[in-house]
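So the structure is just underneath, and the comments pick up after that.
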Amino acid sequence: MPPTPPRLGRRGRHASGITLAASALSAFALVAACAGPPRAGGPGGQSAYALSADTPAAKGELDSFSWALYAEPPTLDYTQAFDYPQNTILSNVCESLMRWTPQLKEQPGLASSATNPDPTTWVFDLRPGVKFHDGGVMTADDVVFSLGRQMNPDSGSAWANVFQNVDAVTKTGPLQVTVKLKTPDSQFPQYMATAAGVVVGARGVQAAGKDYGTSGSLDCTGPYRLGTWTKGQSIELDRFDDYWGAGAKSKKVVFEFLTDPSARTNALLTGGADGGYLIPTESYARLRSSSAGTLYFGEGLSTVNVNVTNMQGPLGDVRVRKALSLAIDRTGFVNTGLGGNGTPTTSLTAKAVWAAADPAARQTALGGLQPTASDIAQATQLIKDAGAKGRTLTMATSSIGQDVSLLATAVQSAGTRIGLNIQLKTIAPDAFTALFTDPKARQGIDMFPETYYLSITDPMDLLTNFQTGSYQNYAGYSDKSYDDLVEKAVATYDPAQRLAIEAQLNKQASDQDLWIPVAEWPTSLFMNKRITGAPTTISYMYYPWAADVGAAQ
């Protein structure tokens, strides 16, 4: 996010309205202004597939339902919740200060309000009487502890970048926490709706020690609590009856780990699993025509890319990266790898996130991009100019789904046509996630397929990845002018002004082919006739979606 490959997207939001002090309105407008991207056919551009805003509401309760996952999470520690398997489960167990809605808008979560009395201060007032799964009641101390774990270098948090600008997190009342920033930060309040803003019970986490996230209770506040984890097979969630919000409609959820795409599809068709997200693209046609249930597509804020992980070799020359981009058959990949349900693109960010930008900013961000059609002649000349003909590159691939394997094959084919020797290295599905976190796993690999989902509806969620030292800047790209623009955009609260700066970043990242964008890809969801209620959008990564799933009849 990631299917169907593991996807990193780091940095979620249905409750009553947010209360804001008058002085906070202008600063907090950044969240509202970027929320709710257009549906297909809106300002973000036409789409060949239909996006569904939602699914029918549940009509009753269930004893249980089962859900297909493409991989087993290595841990459910919220500080490591950067990928689809973890967040799909964790969003129902652990909650954040803020929350996404299924419509990708931000509303209060465990905080009843968020205010910023000045540009470098955010004050979170907490809901009273919220219980953790061990029976303890949430206090400001738990919030300070939870955010502190994200900031502690020893945690190795995947969300550490979110907190780099945080000067202090302090308790300013029994149910109030104040975050002081070093400089104004337009991104920080948005990320408090993701796993970065999760609140856990300090006592439970400390008691679990190094085993936290892999066994026992997660000591969170969500509508479900962690039940039985049968390693290599499944994770069960049990309904938490002392939940502060609307209770879950099903008593139990069983997540089945089905790494083989065919097995996952057969489970959906036969009732072995009642539903699932991230449907194998090769199964779209079978599931769409099946009488077993319904296949939905929703806003995903996702782009399929080739992540460049090594610029020490041939890919260190922008001409080689650009040549590969020019040689890829994007339309062919969309038709085969995505089952026709996607849109070719050369933009790293989904067009929907630019809907609120003025025409000049949209033109800067998207207007001058390379055409999506391939140009073998130009690409071959670039390889010749760079002296890279015959050079060898290694691309990781996996059997997770044809979207991964066929993109790798498409890149290999593109390389062959322009004089590059691209070797494919196959990695097991469960190990593919390690590419995002372990430098050793990326050794000897120059690039790999990655579908990046935005965790907030702000282009910065992706564009900061190319800032010097950023978590996912695997290739070590460094450019002071880019870094300066990132800092300027982050410090700009006014949405229109910030989008204008972000447009320059999008152009620079695209011109340099820091990653190679290939396609936009919607969220896919299948539910059989027994259940309904799951959201169609990428909101399920941070919204407690399973609580809405119930009986269809």
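The values are calculated or read from the model by the stated rules, or taken from the named source; none is laboratory data. Predicted model only: the values in this text are computed from it and were never measured. We place every Cβ from the backbone using ideal geometry, glycine too, and count neighbours over all the protein chains shown. Keep in mind that these areas ignore ligands, DNA and RNA; they rest on the heavy atoms of the full protein, side chains included. Shrake-Rupley method; radii C 1.70, N 1.55, O 1.52, S 1.80 Å.
Multiplying the residue separation of GLN378 and ALA496 by 0.36 nm and removing their Cα-Cα distance gives an extension gain of 38.8 nm.
Within the same chain, aspartates and glutamates fewer than 8 places from LYS59 are excluded, and of the rest, those with a Cα less than 12 Å from its Cα are ASP548.
For LYS389, the aspartates and glutamates whose Cα falls under 16 Å of its own Cα, not counting residues fewer than eight places away in the same chain, are ASP317. In this model, which of LYS322/LYS425; LYS105/LYS440; LYS440/LYS488; LYS182/LYS322; LYS105/LYS231; LYS180/LYS488 are farther than 28 Å apart at the alpha-carbon? Check vs 28 Å cut-off fails for LYS105/LYS440; LYS440/LYS488; LYS182/LYS322; LYS105/LYS231.
Share of carbon and sulfur in the accessible area of segment 357-511 stands at 50%, probe radius 1.4 Å. With each pseudo-label sitting 7 Å past Cα toward Cβ, what's the LYS231-TYR49 distance in nm, one decimal? Label at LYS231, label at TYR49, 3.6 nm between them. Looking at segment 362-407, the accessible area is 47 square angstrom per residue; that uses a 1.4 Å probe and ignores ligands, DNA and RNA.
Sites listed here are GluC sites (Glu not before Pro) in segment 42-115 whose DSSP assignment is loop and whose Cβ has at most 16 other Cβ atoms within 10 Å: GLU61. Once the Cα-Cα distance is subtracted from the 0.36 nm per residue extended length, the SER155 to ALA57 segment shows a gain of 31.3 nm. Between GLN553 and LEU369, the modelled label-to-label distance comes to 4.5 nm, taking each label 7 Å out from Cα in the direction of the beta carbon. Tell me, what is the FRET efficiency for THR183 and ASP479 to the nearest 0.05, using R0 = 22 angstrom and their Cβ-Cβ distance as r? According to the calculation, E is roughly 0.60. For ASP385 and LYS488, the difference between the fully extended length at 0.36 nm per residue and the C-alpha to C-alpha distance is 33.5 nm. Among the trypsin sites (Lys or Arg not before Pro) in segment 363-398, those placed in a DSSP loop whose Cβ has at most 14 other Cβ atoms within 10 Å are LYS389.
To the nearest 0.05, what FRET efficiency results for LYS251 and THR331 with a Förster distance of 41 Å applied to their C-beta separation? Given R0 = 41 Å and the Cβ-Cβ separation, E is 0.30.
Among the protein heavy atoms of segment 190-256, carbon and sulfur supply 46% of the accessible surface, probe 1.4 Å, non-protein parts ignored. Accessible surface area normalised per residue over segment 212-328 is 34 Å², counting heavy atoms of protein chains with a 1.4 Å rolling probe.
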